[in-house]
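Since the structure comes first, as structure tokens, the remarks are kept for the end.
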Ligand SMILES: [Zn+2]
């Protein structure tokens, strides 16, 4: 029966449902690593433990089957809330919130480097008097 409400599965069941794929995706190096601590599946950090998150939101027709649940840290849970479908999977494989922030950090670093380069050119032109 559709619309039947099932309660959200245990973390253990969610882990065992996804374990094989998480290893293939190199999210974890071993079954032991997957189980030894409550690491976020997206960013890989412990960040105070994971939350059970719907991959497809309930509002969009997602259900409580373990196939529709990922274990994410609080930061990644918030960061992924507006993502669905391909956008979610790109975010997930790109390292979640941490991956996105480090991309932003890299962009800022690159633009600072360009500014420093530009100001050094101006300075050397001033020194040489050209
Ligand atoms: Zn995370």
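The values are calculated or read from the model by the stated rules, or taken from the named source; none is laboratory data. Given the structure is predicted, the values throughout are model-derived calculations rather than measurements. Note that we place each Cβ from the backbone using ideal geometry, even for glycine, and neighbour counts take in every protein chain shown.
Structure notes:
- Any chance residue 114 is modelled with pLDDT under 95 and under 27 Å from the mean Cα position of the chain (by Cα): no
- Residue match in the stretch 16-26 (condition: exposed (fewer than 14 other Cβ atoms within 10 Å of the Cβ) and touching a helix residue (DSSP H, G or I) at 6+ places or on another chain (Cβ under 8 Å)): yes
- Any hit, the stretch 22-35, residues being within 16 Å of the ligand (Cβ to nearest atom), under 20 Å from residue 101 (Cβ atoms) and either touching a residue at least 60 places away in the same chain (Cβ under 8 Å) or not in a strand (DSSP E or B) (or both): yes
- Taking the numbered list (1) closer than 18 Å to residue 11 by Cβ; (2) part of a loop (DSSP other than H, G, I, E, B); (3) within 15 Å of the ligand (Cβ to nearest atom) in turn, residue 72 passes all entries but (2).
- Breaking point among (1) in contact with a strand residue (DSSP E or B) (Cβ under 7 Å, 6 or more places away or on another chain); (2) within 16 Å of the ligand (Cβ to nearest atom); (3) free of Cβ contacts under 8 Å to residues at least 60 places away in the same chain, for residue 11: (3)
- Within the stretch 36-69, the residues that satisfy the criterion of being part of a loop (DSSP other than H, G, I, E, B) and over 25 Å from residue 101 (Cβ atoms) are 61, 62, 63, 64, 65.
- Residues that are within 15 Å of the ligand (Cβ to nearest atom) and in a helix (DSSP H, G or I), drawn from the stretch 75-86: 75, 76, 77, 78, 79, 80
- For the stretch 36-46, taking the residues that are surrounded by fewer than 20 Cβ atoms within 10 Å (Cβ to Cβ) and within 15 Å of the ligand (Cβ to nearest atom), the one that is modelled with the lowest pLDDT is identified as 37.
- Residue 110 satisfies every condition listed in (1) surrounded by 18 or more Cβ atoms within 10 Å (Cβ to Cβ); (2) assigned to a helix (DSSP H, G or I) except (1).
- Within the stretch 87-101, the residues that satisfy the criterion of being surrounded by 14 or more Cβ atoms within 10 Å (Cβ to Cβ) and either more than 10 Å from the ligand (Cβ to nearest atom) or in a helix (DSSP H, G or I) (or both) are 88, 91, 92, 94, 96, 97, 98, 99, 100, 101.
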